[in-house]
Every structure is written in C-alpha cells, then in structure tokens.
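Right, one structure below, let's go through it.
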Amino acid sequence: MKKLWIKLLFVVIVVAGALYLALHKPIKQGLDLKGGVYVVLEAVEDENTKIDADAMRRLMEVIDRRINGIGVAESEVQLAGSNRIIVELPGIQDTEQAVRMIGKTALLEFKLKNDDGTLGETLLTGSALKSASVTTDELARPVISFEMNQEGAEKFAVITRENIGKQLAITLDGVEQTAPVIQSEIPSGRGQITGRYTPDEAKAMATLLNAGALPIKAEVAETRIVGATLGEESIAQSKRASILAMILICVFMLFFYRLPGIVADFALAIYGIITIGVLNFIDATLTLPGIAGLVLSAGMAVDANVIIFERIKEELGHGNSILNAINAGFSKGFVSIFDSNITTLITTVILFTFGTGPIKGFAVTLAIGVLASMFTAITITKVLLLIFVRTFNLRDIKFFGVVKEEA
C-alpha cells in the first residue's frame, strides 16, 4: 500500500505541474483559428545569385528572424517547392507593414562624403555588423546603436584614422541617414545612426540590420488575409462536440464498467490537463488539424481503458479476486495497448518528418495525446482503482459491472 501512495503522490505532482502549465497562459492558435495574413514569397534568380537548397534555407532563416524581431508570435515559415516560402502570420493587424518587413532588404553602407555632397565608394557594409539596438541620444531621441564584429571594427578603425576631419555617411538602402564628421579614430567599432526616427521606426530598422540582407531576391507572389470566423466557429463547434462526447463517454463507461468507468472518466479529464500542459510547455500552436489529433488521441485513451476493463471483467468472471483481476487486466491489456500506440507513434514520426505545416501540427498533437493517454490509461487509472478498492475494501464484483451467475 505504501508503494501505491508513493505512486499517487507522483501522479498528483505530474497533474499539478500540468495544470499549472495549462493555466499559465492560453494555448497559441494557428492561422486557421486566429486569422491573420498568409504570404507566399518567390525567390528570383539573377546573375549574382543562384537558387539552391542552401540559399533557400538561409532565406528562411533571415525571414524568420525578421518576423520574430517585429514581434509577430506564432508565425510559421516553411518551404514550398524549390523556390517558394510560405509565411503565416496569425493575429497580425498591420498586414502591409508585415509584408514590407518580410521582403525588405536592408543594406547598411559606410561611405565618405565628398566636398560637393556626393558619396564616395562603399568602405564598409552591414556584413561587418555584430548587433544593432535602439537607444537614445542626449536629447532622448531614439537612435540606432550598432557594434561591429572584430574584422569590421578593425576596418572601421582604419577608416576613421585615415579620414579625420571628413564626413562619413551612413546609408541604409542607398539613403543617407547621417554623415557625422570624423573627429578621431574609433577603435571600438561602436557607433550610432541618428535621424528623425520614431521609436517604432528605430526598432524596425534595428531589426532589419540584425536580420541582415536577404541572400536571394524574393518577391511577394501572393498575399491573403485569413479571417478568424472559420476558426471561431470551429472552436465553438469543437467545444460543443467535446462536451457532448464527454457526457456520452461518462454515461457509457459508468453503465458498462461502474467503478472503473468513474475512474476512467476522471483519468480522461487528467489526460486533457496533461495534454494541454505539454502543448503549452513546448510552445505549440494549435490548428484545426491539431484539434483533430487531440480528439483522435482522446478516443484512443478511452479505448485503452475499455481493453483493460474487459480483461478485468474476464478475470473476475473466472473467479479471480478483485485485486488479482485488476493486476491481471492491466498486465494483459498493456501488450495490446502498447502495440497499438507504438504503431500510431511511428506514423506520427513519419508525418512530422515528411509533412508540412498543418500535417506536422496534427502529428505533434496526436503524438502528445497518445503518450498522455498511455500514461493516464495505464498508470493513473490503475493507481486510482487500486486505492479505491483497498481503501474501501471492495469485494463485490458488481462494482465492476459483472453480474453474479445464480447457483
């Protein structure tokens, strides 16, 4: 009995942790549930760049950094074919700004300014940049502070040392931002871009500089605004269907299995808490296919309990004691449940490996649901059932839905 209480304590800790994670924040919703912007970018080859797998991978990384930098959470960036990238931005309000930020190429250049106001050749580019951030100048105006890497700092030191008294223009995408006079050598590689920036403009520019230039030219091939209406209706229908399904399942389990049925219903609620908690823990984004994966795994959780309870009823029918029947039922049922769930998990691995977007979401939620259902059906249900039987010293098989045959 002591081991049983230790296992119960473990279960309580797991459920408490999962409940905390589930309530810690609302689960993120995908584009199909929350609405937002759907953008397709197409890479364009020119004489200087060639489209290949590596270039597309770097293009995805730059776009992903840019989106994260402007604070668009729950975004999805994925490859579509050999030269297209799909970008999904759930919940975004300013679509035009987002599209501009995705496709914009920020080129930072340092050029000496001639006496006639024209700019000389490029001495240094943003490739030497280590980081950029928004700070303020002495008048509390937003400016963009930057720091160069070691190679860039060494070149910057030479440029400033050899051109004291001259104006060094800093340009972004060919537009002069500032042209301070070099007063002395700057060996640290640190500087500022000043101008009449709003805080948001300064932040956006710093983000572009940190993200770097796109490795390949990319054009917006398609933009589509996805409304949240479908998602709201789907969520509402899913809630109604879940409540109805829970009621029917509870009635079914109670009618056929009595005490084990009550325990299974309780374990099913725990399954939901654990699943949502894990999804929040891994920062998953829920989509319609993801909901389908959860519903499917919930059905598998009930199915696992049915397999075990039928084994228990068989054992009780053969005249075994309740405790022996429970242990035998879980032992015999485990093999069937394990085999079934392992094959499903293998399928989810294949779907996640070769699938994209919603298919991956379906695979993740299904895999998490399957693992949670195995834990609740095999471990939690058994612990709770044994504690009930031992605590209340239950000896009548009618509590398990088994009818005694008349002698």
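The values are calculated or read from the model by the stated rules, or taken from the named source; none is laboratory data. Everything numeric here is computed off the predicted structure, so don't read it as measured data. Heads up, the Cβs are rebuilt from the backbone with ideal geometry, glycines too, and the neighbour counts pull from every protein chain shown. Remember, those area values only see protein heavy atoms, side chains included, never the ligands or the DNA or RNA. Shrake-Rupley method; radii C 1.70, N 1.55, O 1.52, S 1.80 Å.
First measure r as the distance between the Cβ atoms of residue 44 and residue 135, then evaluate 1/(1 + (r/R0)^6) with R0 = 30 Å and state the FRET efficiency to the nearest 0.05. Intermediate results must be reported in sequence, preceding the final value.
Numbers: r = 36 Å, r/R0 = 1.20.
Taking R0 as 30 Å, the efficiency between residue 44 and residue 135 is 0.25.
How big is the range 240-391 by the Kirkwood estimate over distinct Cα pairs, in Å?
Radius from the Kirkwood sum: 16.0 Å.
With θ set to phi - 60°, apply the Karplus curve 6.51 cos²θ - 1.76 cosθ + 1.60 along the range 287-303 and write out the HN-Hα couplings as whole Hz, x wherever there is a Gly or Pro.
Per-residue couplings from phi come out as 10, 4, x, x, 4, 4, x, 5, 4, 5, 5, 5, x, 5, 5, 5, 4 Hz.
Rounding to the nearest 10 and keeping the result within 0 to 90°, find how far the Cα-based axis of helix 259-281 lies from the longest principal axis of the chain.
10
Among the lysines, which fall within straight-line cross-link reach of residue 7, defined as a Cα-Cα distance under 29 Å, with same-chain neighbours fewer than 8 residues apart omitted?
25, 313, 332, 382, 398
For residue 50, go through the lysines and keep the ones whose alpha-carbon is under 22 Å away, minus same-chain ones fewer than eight residues off.
104, 217
Working from Cα positions, state the angle (0 to 90°, nearest 10) between the long axis of helix 53-69 and the longest principal axis of the chain.
The two axes meet at around 90 degrees.
Using a probe of 1.4 angstrom, how much of the accessible area of the chain is carbon and sulfur, in percent? Please report the intermediate quantities before stating the final value.
Values: 12970 of 21840 Å².
The computed percentage sits at 59.
Within the chain, what is the longest stretch that has no GluC sites (Glu not before Pro) placed in a DSSP loop and near at most 16 other beta-carbon atoms within 10 Å?
With a cap of 16 other Cβ atoms within 10 Å, the longest stretch comes to 186-404.
Quick check: with the 1.4 Å probe, what order do 397, 276, 182 take by accessible area, largest first? Intermediate values should be presented prior to the final figure.
Details: 397 35, 276 55, 182 10 Å².
Of 397, 276, 182, the descending order of accessible area is 276, 397, 182.
Among (1) 96, 95, 39; (2) 115, 44, 34; (3) 129, 77, 46, only one was calculated for this model; which label is it, if the read-out is Cα extents along the principal axes in Å?
(2)
Could you give each residue of the range 132-143 its phi-based ³J(HN,Hα) in whole Hz, using Karplus coefficients 6.51, -1.76, 1.60 with θ = phi - 60°, and x for Gly or Pro?
Rounded to whole hertz, the list is 9, 8, 8, 10, 10, 8, 5, 9, 6, 8, x, 10.
So who's got an amide H within less than 5 Å of the one on residue 108, skipping anything under 5 residues away but keeping other chains? H placed 1.01 Å off N, in plane.
So residue 108 has HN proximity to 126, 173.
In debye, nearest 20, what is the charge dipole magnitude of the chain about its Cα centre with +1 on Lys and Arg Cβ and -1 on Asp and Glu Cβ, if you could check?
Dipole magnitude for the chain comes out near 2060 debye.
Collect residues whose amide H, placed 1.01 Å from N in the peptide plane, falls under 5 Å from the amide H of residue 286; neighbours closer than 5 in sequence don't count.
When sequence neighbours closer than 5 places are left aside, the close amide H contacts are 28, 29, 30.
Once you place label points 7 Å from the Cα toward the Cβ at residue 241 and residue 198, how far apart are they in nm?
4.3
If the reach is capped at under 17 angstrom between alpha carbons, list the lysines near residue 111, excluding any in the same chain fewer than eight residues apart.
155, 166
Applying the Karplus parametrisation 6.51 cos²θ - 1.76 cosθ + 1.60 with θ = phi - 60° to the phi angles of the range 184-199, what ³J(HN,Hα) value in whole Hz is obtained for each residue in order, glycine and proline being reported as x?
6, 5, 10, x, 7, x, 9, x, 9, 9, 9, x, 8, 9, 7, x
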